[in-house]
Amino acid sequence: MREYGTVNNKLTLPVICRDAEDNVISQPDLILERWKDYFCKILNIPEAIDIQTIIRERTNNKPQIPLQSYNEICFIINNLKLNKVAGSDNIPPELLKHGGRTLKKKTT
């Protein structure tokens with residue numbers, strides 16, 4: 001079996017392939033027709049996809065996480081340990097702990 005690719009700047013095609021019923025075909029015109037059918041099948045979508053509908057379906061089926069209350073935020077910030085390395089947000093715990101009421105309100 002010959003491999004396909006480019007030889008001397010000429011495109012060479014596969015000499016055999018299988019049809020939809022898994023039969024071997026070797027006629028060049030049938031091979032090209034098979035590839036055409038194959039790519040039309042996988043690349044063409046019969047119905048237009050509404051992305052907004054997909055987003056609504058995926059988000060409505062998942063449980064929503066409720067936001068923390070102001071009291072919960074205060075409890076978490078007040079219990080932070082000092083002299084620790086900042087997290088992925090690069091905010092040291094000291095900044096949060098000593099940020100005052102305004103900072104705590106902004107985080108809710």
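The values are calculated or read from the model by the stated rules, or taken from the named source; none is laboratory data. All of these numbers come straight from a predicted model, not from anything done at the bench. Positions of Cβ are generated from backbone atoms using ideal geometry, with glycine treated the same way; all protein chains shown enter the neighbour counts.
Residues in segment 5-27 that are exposed (fewer than 12 other Cβ atoms within 10 Å of the Cβ) and modelled with pLDDT under 85 were compared, and the one that is nearest to the chain's Cα centre (by Cα) is ALA20.
Give the residue that is surrounded by the fewest Cβ atoms within 10 Å (Cβ to Cβ), with candidates limited to residues of segment 86-108 that are over 33 Å from the mean Cα position of the chain (by Cα) and not in a helix (DSSP H, G or I). The extreme case among them is HIS98.
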